[in-house]
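Remarks on the structure that follows.
The values are calculated or read from the model by the stated rules, or taken from the named source; none is laboratory data. Keep in mind that what you see is a predicted model, and the values were worked out from it rather than measured. Please note: Cβ atoms are built from the backbone with ideal geometry, for glycine as well, and neighbour counts cover all protein chains shown. To get the accessible areas, we keep the full protein, side chains included, count just its heavy atoms, and leave off ligands, DNA and RNA. Shrake-Rupley method; radii C 1.70, N 1.55, O 1.52, S 1.80 Å.
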Amino acid sequence: MVHTPIFQTVGIVGTGAMGRGIAQMAAQAGSKVLLFDLQAGAAQAAVDTLLGTWQTLANKGKISAEQQQAYGQRLLIADNMAALSPCHLVVEAIVERLDVKQKLFAELEAILDPMAVLATNTSSLSVTAIGAALKRPGQLAGYHFFNPVALMRVVEVIAGLKTSAAVCQQLADYTRQFGHTPVTAQDTPGFIVNHAGRGYSTEALRVAGERVADFATIDRILKDQMGFRLGPFELMDLTALDVSHPVMESIYRQYFDEPRYRPSVITTQRLAGGVVGKKVGEGFYRYEQGAAQLPAEPATPQISEPPPVWVSPKAARRAELYQLLKNLGAQIETGSAPSASALILVAPLGLDVTTLAAVERLDATRTLGIDMMLDDSATKRRVLATNPATRSDMRDAAHALFARDGKAVSVIRDSGGFVTQRVVATIVNIAADMCQQGICTPKDLDLAVTLGLGYPLGPLAMGDRIGPTNVLEILFNLQTVYGDPRYRPSPWLRRRGALGLSLTHEET
Ligand SMILES: NC(=O)c1ccc[n+]([C@@H]2O[C@H](COP(=O)([O-])OP(=O)(O)OC[C@H]3O[C@@H](n4cnc5c(N)ncnc54)[C@H](O)[C@@H]3O)[C@@H](O)[C@H]2O)c1
């Protein structure tokens, strides 16, 4: 590195999984790094690990021999807290307990220069509460890294109620010096990434809880329709429910039982039963030698004579649906009402198939829904939904017809907004409300979520792609179907939808 590091000497307190990663970044930014841990030998173990990491990187040609040597020479072990006195920045990554962190920072404040910056890597505690007992709370900020630190290239800089803006700026600039992307957040439960991530799993759990589809089908739909890298159940298996369920509960409770974050009894029970995920060999999937045992896709039914198809005039993307049916070689009915033998298709946004069949006075036994929220060519899977009265021959005929060109088809049971619509609308709505609350800028929100959660698009960009008015329609209709305030649209979304503005639009 050719620059002068913003913090020339950096202290790391707590040299476990996170502390050692942060120490690596600080050394790579050019800082001298002092490592302190309460447990004897822990700081030395961290230094040994980091020297090994840089050796590996040098062997692979990712860093030069000079860099390897320089980084290593920057690491020093502090035998006691007093040895941290020359530090310009101290980052703590100790046990996640408010009283212990408060005590640590009070001790640090007594030995450091008054202008030194104090930073906490807490995931779930309030930065404001940690700083409340300090003489100079303005010098303390949240500095939230993700695991593994070197690979997760986003860091949340969190301003407590009294944190000085200059401290946040220094931390953000320093973050860029080691090549990570800083995002700035107000001190609120879950900060940005852990807050914005509430929608994906909780809504998928509701879909599963209504027995709309099994876990594997829900995962396949969200991956193939929206491009999520992992389905929500695969993700929960990887994180393990002993980690993710308490986070779901904690954020819900910290927001005083806000329905948008409501956890599920499914994960409560599975956690109690020890069925927590991949690491124990059994979660939503069973694992053999580390590989998930996926149920086979349901076979495509064989149909001799497919019925003609009639499409509701109220269907979403009706012209595209007609074109798709034409491409699939369907016999299309164009009359104002379906013939007695026709398969009837509806394409709702947010409503369930049952509601449309009833409102449009259609023969429910022959009615199925198709999710047309996204353009068919933009997805790798078609999703059809039955209603409780749908005849099995009509279900099979629809399945066979839409699978004619070889594209994957999932047939699910009735659901307001199928799977993708309701999960995506929930994610967009939570993100919109985070902007409404001023937790972060729209830009930082999308950046943090793409880098921290690996979503194919930031939630606001996702909402813009679908169209804010479509997302609003889905949410209003979900509220009608379920009567649940969970789906009430955020004012941020309502106003931008009503005015035809992008969800990233900020008021001047
Ligand atoms: N692990 C993660 O994925 C992750 C991600 C982001 C933030 N965090 C947060 O980072 C912090 C550390 O997490 P971790 O996973 O690295 O934990 P860890 O258990 O791997 O390491 C904690 C280290 O701190 C030391 N320690 C504990 N109390 C101390 C004290 N009073 N003074 C000095 N050293 C002390 C321990 O000996 C241990 O070496 C926690 O606040 C956690 O919430 C963790």
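Helix 420-436 against the longest principal axis of the chain: what's the angle in degrees, Cα atoms only, rounded to the nearest 10?
In the chain, helix 420-436 runs at an angle near 40 degrees to the longest axis.
Pull out a ≥ b ≥ c, the square roots of the eigenvalues of the alpha-carbon gyration tensor of the stretch 413-454, then state rounded if a/c is under 1.5, prolate if not and a/b is larger than b/c, and oblate in the remaining case. Please report the intermediate quantities before stating the final value.
Numbers: a/c = 4.81, a/b = 1.91, b/c = 2.52.
Oblate shape, in that a/c is at least 1.5 and b/c is the bigger or equal ratio.
Considering the zone a paramagnetic label at Arg97 would reach in this model (a point 7 Å from Cα along the Cα-to-Cβ line), which residues of the stretch 32-47 have amide N under 18 Å from it?
37-40
Can you tell me which lysines have their Cα less than 21 Å from the Cα of Lys278? Leave out same-chain residues fewer than eight positions away.
Result set, ordered by chain and number: Lys223.
Per residue, how large is the accessible surface of the stretch 1-148? Use a 1.4 angstrom probe and give square angstrom.
Numbers: 6520 Å² over 148 residues.
Per-residue value: 44 Å².
Counting alpha carbon pairs within less than 8 Å and at least 6 residues apart, what relative contact order, in whole percent, applies to the stretch 7-50? Don't skip to the end; give the middle numbers.
Values: 53 pairs, mean separation 20.3, N = 44.
Dividing the mean separation by the residue count of the stretch 7-50 yields 46 percent.
Which whole-percent values make up P(r) of the stretch 1-152 when all C-alpha to C-alpha distances are grouped in 5 Å steps starting at zero?
The calculated distribution, bin by bin, is 2, 10, 20, 23, 21, 14, 7, 4, 1, 0.
Whole-Hz Karplus ³J(HN,Hα) for the stretch 444-459, in order, using 6.51 cos²θ - 1.76 cosθ + 1.60 and θ = phi - 60°, x for Gly and Pro?
Working through the residues one at a time gives 5, 4, 5, 5, 4, 6, 5, 7, x, 10, x, 5, x, 9, x, x Hz.
Compute the acute angle (0 to 90°) between the alpha-carbon long axis of helix 165-177 and the principal axis of greatest extent of the alpha-carbon atoms of the chain; round to the nearest 10°.
80 degrees
Work from the charge dipole of the chain (Cβ charges, +1 for Lys and Arg, -1 for Asp and Glu, about the Cα centre) and give the residue of Gln170, Tyr487, Leu457 farthest towards its positive end.
Farthest towards the positive pole: Leu457.
Taking 0.36 nm per intervening residue step and subtracting the Cα-Cα distance, what contour gain separates Lys60 from Gln331 on full extension? Mind showing how you got there, number by number?
Details: separation 271, 0.36 × 271 = 97.56 nm, distance 6.00 nm.
Length difference between fully extended and current span is 91.6 nm.
With charges only on Cβ, +1 for K and R and -1 for D and E, what is the dipole size of the chain about its Cα centre, in debye, rounded to 20? All intermediate terms of the calculation are to be shown ahead of the outcome.
On the way: 48 positive and 48 negative charges, 72 e Å.
Computed charge dipole of the chain: roughly 340 debye.
What number results when the radius of gyration of the stretch 270-427, computed over Cα atoms, is divided by 2.2 N^0.38 Å?
Details: Rg = 17.8 Å, N = 158, 2.2 N^0.38 = 15.1 Å.
Taking the Cα Rg and dividing by 2.2 N^0.38 Å, one obtains 1.18.
Of all DSSP beta bridges located in the chain, what percent are antiparallel, nearest 5?
Details: 10 of 48 bridges.
If I count the DSSP bridges inside the chain, around 20 percent turn out antiparallel.
If you project the alpha carbons of the stretch 106-247 onto their three principal axes, what span does each projection cover, largest first, in Å?
58, 30, 21
Do you know the relative contact order of the stretch 253-322, to the nearest whole percent, from alpha carbon pairs under 8 angstrom that are 6+ apart?
Numbers: 26 pairs, mean separation 8.1, N = 70.
With pairs under 8 Å counted, the relative contact order is 12 percent.
What angle do you read, to the nearest 10 degrees and between 0 and 90, between the alpha-carbon axis of helix 241-254 and the longest principal axis of the chain?
Approximately 90 degrees, to the nearest ten.
Classify the stretch 23-65 as rounded, prolate or oblate, taking a ≥ b ≥ c as the square roots of the eigenvalues of its Cα gyration tensor: rounded when a/c is under 1.5, otherwise prolate if a/b is larger than b/c and oblate if not. Numbers along the way, then the final one.
Numbers: a/c = 4.12, a/b = 1.68, b/c = 2.45.
Judged from the Cα gyration tensor, the stretch 23-65 comes out oblate (a/c at least 1.5, b/c at or above a/b).
So, how do all the Cα-to-Cα distances of the chain break down into 20 Å bins, in percent, from 0 on up?
All Cα pairs considered, the percentages come to 21, 46, 25, 8, 0.
Starting from 0.36 nm per residue, how many nanometres of slack lie between Ala498 and Asp393 once their C-alpha separation is accounted for? If you can, show how the numbers build up before the last one.
Numbers: separation 105, 0.36 × 105 = 37.80 nm, distance 4.23 nm.
The Ala498-Asp393 span can extend by a further 33.6 nm.
What relative contact order, as a whole-number percentage, does the stretch 61-131 give when Cα pairs under 8 Å and 6 or more residues apart are counted? Write down the numbers at each step before the final one.
Working: 51 pairs, mean separation 25.8, N = 71.
Dividing the mean separation by the residue count of the stretch 61-131 yields 36 percent.
7 Å from Cα along Cα→Cβ at both Ile111 and Ala166: what's the point-to-point distance in nm?
Between Ile111 and Ala166, the label points sit 2.5 nm apart.
What distance in nm lies between label points placed 7 Å from Cα along the C-beta direction at Asp214 and Lys279?
It works out to 2.7 nm between the two label points.
Given the C-alpha centroids of the stretch 232-295 and the stretch 309-325, what is the distance between them in whole angstrom?
So the two Cα centres are separated by 38 Å.
Quote the Stokes-Einstein diffusion coefficient, in whole µm² s⁻¹, for the stretch 366-508, based on the Kirkwood radius over alpha carbon pairs, a temperature of 20 °C and a viscosity of 1.002 mPa s. Could the numbers behind the result be given before it?
On the way: Rh = 16.4 Å.
Roughly 130 µm²/s, to the nearest whole number.
Obtain the nm distance between the two label points defined at Gln302 and Glu320 by a simple spin-label model: each point lies 7 Å from its Cα along the Cα-to-C-beta direction.
In this crude spin-label approximation the distance works out to 3.4 nm.
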